[in-house]
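Chemist: Below you will find the structure I want to go over with you.
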Amino acid sequence: MLFKRLRRRFSLKPAFRQAWRGEGVLHDQQWQPIPGAAGAEIYPLTRRPDVSCSNAYIIRTASEILIIDTGADSAQMAEIVERVRDETVTLPRPVLLVITHCHLDHCFAIIRDEALRAVAPLTIAAQEDGARALASADKALTVSDLFHWEIKPLAVDLHLLNAADRAHGGIRTVELAGGGRAVLSMKVPGTAGDLSFSCQTVLLGSGERLEVYHVPGHTPDSICIRIGECLFIGDLLFATAPGIAGIAGWDPSALSASLEGVRWLLESEPICLCCSGHGRAVPAAAVAEMLPKLQREAAAMAGIGVFDPERLRRSREEAIDLLAEANRLFSVIAGRLYSLAYALEELGEAEEGQRYQNLIEADRIDEFLVDFGRFAGEFSEGKKIELQLVLKAVQIIQRIGQVFAQDRLDHVVDASLLRRADRLLSDFMDTVCCYPSEGRCRSVDLNTLISDLVKGLHVPPLSDEAFIEAADDDDAYREALVARLAYLPLFEETCLDVSLCESPLPVMTDAERLSDALTGVLEDLVSAGVTDIRLTTSLSGCSVLLGIAYPGCALPGTKTGERLRLYRREFLRCGAGLASRDGNGVSELCIALNTADALAISSQENDRSGWDRA
């Protein structure tokens, strides 16, 4: 099942879940010693995971103040400024800000806020690629194009792990603003096998040593920083997450090598704690357990598409539609189970009825969807950004996937309905990840597909003969009874007039997906009160046309545009285009598919786009 694959692909290991719930070692907004450091103390500013702002870490020594990332939140930046002011008013010291990578959620505060510079002499350091991106205000590499935040160039004073250092090594001394100094030296860790990754030691005036490791993959400039027994890992743990993987600079091959390097580092160096860019600190042992899984995910995502502003727009649009449709579909599924439970209770089978009612955790799914609805409302009010909405939708889908057990419902709820619910969510994940639809187009006779579909709509899942035959076996009879009670004769009073072209109409499509999409449209019409529906097929040049005509104006319901957008997206995944027409008291949905003729394949995109424009 699709959800089982989603659970395997995106689930978190138990140790990481534990740390995620706030059981890290560092205490937020308190000064505390850094394990293994010569005397440095750390003041973490940690937050609940949020793509709009990272954590920040302030470290004090006798000779300097070190800041790792500022985040993007103005209140967090004000706290950083206040702490630095407190530390430097009695003991003036230079401040070194190290940016783990150039994404705005890690550095937007220093770009727009000059207050920190007014408090103490400031030197900004970043890996060379990120330094260039910040200096040129690169919209793609800083993801300002995804955040829709205007930025100005940020001058980076110290380029870490630059090309010259990596090529020639050696030692160089740099001056920090305010009179401080730092000695930079290159080294290559003696790793196992062929593995090696760049490392630069930064020796501060206090004697504290920073080991800076180049870990590209999430971004070209990503770095990890080791101080004592703490390793600051930026966004390493989130690099394969849907909506994060595929952004500008994403490189799955480089990421896999970086993960292997960090795994070696955790095994060979005295590191007890990993300080992430988002969320609580994680014990090093827990991170070491996670890294192989992240490597497998990076390898599996080699074919992922680019997550750019257009991909974000499509994902956001689909997320909004998903909210409405998921509410509707899961309400229908839950309603059918409640109805079945009531019928069984009336027959004296209350325990059996309760068992079927519990097959879907409707309350939890409803809770997830309400949470998403609340978040979408905040987005509409301008309180959340577009990327936050998409990542929230990803989170909600993963949660629903953990409780929606489709295989337990197969003999109770119509299979087409279950598949549509399953695809609704997994298709969204494919959109976010830019994966192609799993459905594969094959040559299918459209006339046969339509005939079989209409016949199936009027045939109960269990015939009278089969029901009688099951009477001799208690278990078989109970299952047969449930199937009969759960069956909803939705089309019993509907006139489905079918007029098919006489000749076979071979089309290229995913037959099951197309059949389910058509069933969904017909069920929507009948549920809206339409009692007369006419289905027609015809051949028009290189396209086969399927018409669904019904009396009335446009699509029944108050959100016609949303429904049509949902239909259009689903039919596109079947290899078809969709247009709607209405006039003279009759409305029609027109679905265009390509013929199976190899000579017509070249015109596929033109035909489809023509229908979309219609």
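The values are calculated or read from the model by the stated rules, or taken from the named source; none is laboratory data. If you're wondering where the values come from, they're calculated on a predicted model, not measured in any experiment. All Cβ positions, even for glycine, are placed from backbone atoms using ideal geometry, and neighbour counts span all protein chains on display.
Chemist: Of all residues in the stretch 71-91, count the ones that are more than 26 Å from H103 (Cα to Cα) and either within 36 Å of the chain's Cα centre (by Cα) or of a type in the set (V, I, T) (or both).
Modeler: Residues in the stretch 71-91 being more than 26 Å from H103 (Cα to Cα) and either within 36 Å of the chain's Cα centre (by Cα) or of a type in the set (V, I, T) (or both): 3 in total.
Chemist: Please return the ranges of strands (runs of 3 or more DSSP E) entirely within the stretch 492-554 where 3 or more residues are farther than 21 Å from P460 by Cα.
Modeler: Per the criteria, 506-509, 532-540, 543-551.
Chemist: Let me ask you something else. Among the residues of the stretch 225-242 satisfying the criterion of being in a loop (DSSP other than H, G, I, E, B) and surrounded by 24 or more Cβ atoms within 10 Å (Cβ to Cβ), which is modelled with the lowest pLDDT? Spell out how you get there, then give the answer.
Modeler: First pass over the stretch 225-242, keeping only residues in a loop (DSSP other than H, G, I, E, B): 228-229, 235, 239-242.
Applying the additional criterion that residues be surrounded by 24 or more Cβ atoms within 10 Å (Cβ to Cβ) yields 239-240, 242.
Values: A239: 95, T240: 94, P242: 90.
Among them, the one singled out is P242.
Chemist: If only one of S222, S206 is in contact with a helix residue (DSSP H, G or I) (Cβ under 8 Å, 6 or more places away or on another chain), at pLDDT 90 or above and under 28 Å from A284 (Cβ atoms), which one is it?
Modeler: Criteria check complete, one pass: S222.
Chemist: From the set of residues in the stretch 267-285 that are buried (at least 19 other Cβ atoms within 10 Å of the Cβ) and of a type in the set (A, V, I, L, M, F, W, C), which is farthest from D50 (Cα to Cα)?
Modeler: Selected residue: I271.
Chemist: A further question follows. What is the residue count in the stretch 302-318 for residues that are buried (at least 16 other Cβ atoms within 10 Å of the Cβ), of a type in the set (A, V, I, L, M) and in contact with a Gly (Cβ under 8 Å, 6 or more places away or on another chain)?
Modeler: 1
Chemist: Go through the stretch 122-172 and give me each residue that's assigned to a loop (DSSP other than H, G, I, E, B), touching a residue at least 60 places away in the same chain (Cβ under 8 Å) and among the small types (G, A, S).
Modeler: Selection gives A140 alone.
Chemist: As an exercise: evaluate G382 against (1) part of a helix (DSSP H, G or I); (2) out of contact with any strand residue (DSSP E or B) (no Cβ under 9 Å at 6 or more places or on another chain); (3) over 25 Å from V306 (Cα atoms); (4) modelled with pLDDT of 85 or more and give the number of the one condition it does not meet.
Modeler: The failed condition is (1).
Chemist: Do any residues in the stretch 530-553 that are at pLDDT below 90 have Cβ atoms under 7 Å from those of residues that are surrounded by 15 or more Cβ atoms within 10 Å (Cβ to Cβ) and acidic (D, E), where the two are at least six apart or on different chains, and which pairs are they?
Modeler: Once the first residue is at pLDDT below 90 and sits in the stretch 530-553, its partners that are surrounded by 15 or more Cβ atoms within 10 Å (Cβ to Cβ) and acidic (D, E) give C542/D607; S543/D607; C553/D582.
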